[in-house]
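The values are calculated or read from the model by the stated rules, or taken from the named source; none is laboratory data. Given the structure is predicted, the values throughout are model-derived calculations rather than measurements. Note that we place each Cβ from the backbone using ideal geometry, even for glycine, and neighbour counts take in every protein chain shown. Protein only, heavy atoms only, side chains kept; ligands, DNA and RNA dropped before computing areas. Shrake-Rupley method; radii C 1.70, N 1.55, O 1.52, S 1.80 Å.
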Amino acid sequence: MTKREKTILFFLLTFILLLRLYHMNVGPVEIEESWRQADTASIARNFAGYDFHPFHPNLNYDGTFPNIPALEIQVTTYLIAILYKVFGYHYFLARAVPIAFFLISALYLYLLARLYLGWNGAAYSLLIYGILPINLYYSRAIMPESAALMFWIGGFYYFNRWIIKQNNSRGCQRNNHRNHRNNGNHRNDDVNDRDYGDLRSKYGLLILSSFFLALAIMTKPPVIFIGIPMMYLCFKYYGRKWLKMRVFWIYGFITAALPACYYYFSTAAAEYKFTLGITRNIIFKQAITAFYSPEALYFFTVNLPRALGISGLLLCLAGIFFLQEKQKVFLVWFIAMILEAILIVSEIRAFYYLIFLMVPCCLLAGNLLARAASGPVGKIAGVVLVLLLMKESYDLVKPMFTINTVMAQQVNVVKQLTDQDDLLVVGSLDPCMLDLTDRRGWRYNLRLYAATPKDPTQELDDYIARGAKYFVPIQGKIYGDLDERLLSYIEGEYPKIEVVQGYPIYVLK
C-alpha cells in the first residue's frame, strides 16, 4: 500500500468507529432486538460472575445455575467477561467487543476487495459496509454477528490470497517449463499436487483460512454458504482437477470437522437443548417451502430496503451488471447468500440474519461506484450517492435506538424491591428484565419444555417449589394472557407491592 492509501484507509476506519459510539453505555433496553442482546449480555455476566469455563455458558431465565444451553461458540461473550473481570460491569465494554470485531472485519473486507476491485473500489466497498443501516446498528449490538463477520470475511480473504498465489505459481512454473523446452531440456512431470506450485510454502494462508472459517461456522452456522464461491474459485483456477487434489479435501475436512466436534461437545454438555429443536424442527423441515409463505415474502419486502436502504439496494442490483470477468466471484457470493436467505432466513425471519447478505452487496455497490467515479462528473455522482445512503441510514437506524421506557421503569422497580439472589418469575418472553437487573428466574406461561407443567397454576406452583420468591408482570401484563385470567388468579392469591403505579410485583413466598 502507498502512504496515501494507508491514510485513506485509516480515515475510513476511524469514521466507521465514530459512527458506532452512540449509546455505548446503554444496556439491552433499546427496542431493536433487545431480547437477543440480553441473551448475550447475560451469558457474559455469568461467565465473569459464576462459571468462567469457556464451554459452560449460563442463561438467566431457566432457573438456578447451572443453566447451560446448547449454543454456538461464545467468543464474544467470553471476551466481554474478561473485560468485566478486569474493569467491572459496564455496558460500554460489552459493546466495545463487537465494535472491535466489526472494524477488523471491515479491514478484511477492504483487503479482499482490493484483490479484485483495486484500492478505489475497495475504499468505496468499505465505506458502504460501514454506513449500511443494518451494519450501523448491529455492528455495535451486544451480539455475536460482528465476530462471525470477522472470521467469515477473514477466512474467505485468506483462501482467495492462497488460491491466487497458487495460480501465479503455476504461471511461473509453466514459464520455466517452456524455457527448459526451448533450451532442449525436456522432462516428464507427474500430474499431482506439485504441478500447482510449491504448496508447502503456502500452507500458512490455507491454515489461517480454515481456522477462521471454522470459527465463523461455530459462531454462526449459516455462513457455511461461503463454500459455494470457494468451489467456484476452485473450478475457475483448476477446473475439475481440483476434485483430485488432496489439499482441498484436507482443508474442507478440517474446516467442517472442528465445528462438528464443537457442536457435539456443546450438545453433550448442555442441560437445555431447545436451540437444537429450532434447527431440526424449523430450518430442516421447512427450508424449501418457507420462502413462498406470505410471512416470508412480507419479511423480505419490508426488511431488505430497511437493511440496505433503497439507494443501497439499487446500487447493489445495478452493480451486478458492471462486474468484470475476474470479479464474478462476488456475484457467486451474492447468489450463495440469496440462497441462504431463501433456505434459512425465510423461516427464522430475524432482521439481523440479513447481515451476511450485506457483505457481497457492499462489494457489488462499491465496484459500481468506483467505475462510475472515473471522471469528474462520476466522482461528484459517487459522493452524492454515498451522502444519500448516509442520510437514508440515519433515518432508518434512528428509531432502533429508542429506549423501551416500560422495560427501563420495570427494571428500576425490580432493583428497588428485590435482592440479587431472589429468584423471579417474569410474565414475558423477553429476558431483558432479568439481565438488566442481574437476577435469575423463569419466564412464565411459555410451554417451551416438556418438564414444565402445562397448567399455568401448576407451572407457577412448580416455580415456587423450586425457590421463586416474586412474580413480575411487565407493566402489569403477562405474555399470552389476553383475557387477563392468569393475572386475575395471581392478583387473588398473592400479596401485591406497587411502589410505582402500573408496575406491580407479587410476593410468592
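Listing for the model above:
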item	result
Check: the stretch 23-82 dipole with +1 on Lys, Arg Cβ and -1 on Asp, Glu Cβ, in debye	180
Computed accessible area, Ser488, all protein chains, 1.4 angstrom probe, square angstrom	80
Local net charge near Val223, Cβ-Cβ under 13 Å (Lys/Arg +1, Asp/Glu -1)	-2
Ranked order, Thr14, Thr76, Thr2 - accessible area, probe 1.4 Å, largest first	Thr2, Thr14, Thr76
Accessible surface of Trp249 - all protein chains present, 1.4 Å probe, nearest 10 Å²	150
Ranked order, Phe159, Phe265 - accessible area, probe 1.4 Å, largest first	Phe265, Phe159
Mean ellipticity per residue at 222 nm, deg cm²/dmol - from DSSP H runs of n ≥ 4 across the chain, formula -39500 (n - 2.57)	-20000 deg cm²/dmol
Degrees, to the nearest 10: 227-238 long Cα axis against longest axis of the chain	10
Heavy-atom accessible surface of the chain: percent carbon and sulfur, 1.4 Å	62
Calculated P(r) of the stretch 64-159 - Cα pairs past 24 Å, %	31
Degrees between helix 376-397 axis and first principal axis of the chain (Cα, 0 to 90, nearest 10)	20
10 °C / 1.306 mPa s Stokes-Einstein diffusion coefficient of the stretch 1-95, Kirkwood radius on C-alpha pairs, µm²/s	105
For Val425, distant residues with modelled amide H under 5 Å away	Trp442, Lys469, Tyr470, Phe471, Val472
Angle in degrees between helix 405-417 and the longest Cα principal axis of the chain, rounded to the nearest 10	50
Antiparallel DSSP beta bridges within the stretch 384-496, percent to nearest 5	10
Kirkwood-based Rg to Rh ratio, the stretch 76-119, C-alpha trace	1.24
Gyration tensor over alpha-carbon atoms, the chain, equivalent ellipsoid semi-axes in Å	48, 26, 20
Per-residue HN-Hα couplings for the stretch 18-26 [Karplus 6.51, -1.76, 1.60; θ = phi - 60°; Hz; x = Gly/Pro]	4, 5, 9, 8, 5, 6, 4, 9, 9
15 Å beta-carbon shell around Gln420, net charge (K/R +1, D/E -1)	0
Per residue, in Å², the accessible surface of the chain once ligands and nucleic acids are set aside, probe 1.4 Å	45
From the C-alpha gyration tensor of the stretch 307-383, square roots of 5λ in Å	26, 14, 7
Scattering profile of the stretch 379-509 at q = 0.15, 0.20 Å⁻¹ [log10 I(q)/I(0), Debye over alpha-carbon scatterers]	-0.70, -1.14
Solvent-accessible surface ranking, highest first, for Asp462, Asp419 at 1.4 angstrom	Asp419, Asp462
Cα lying deepest toward the dipole's positive end in the chain, options Met230, Met150, Pro431, charges on Cβ	Met230
Fraction of antiparallel bridges per DSSP, the chain only, in percent to nearest 5	45
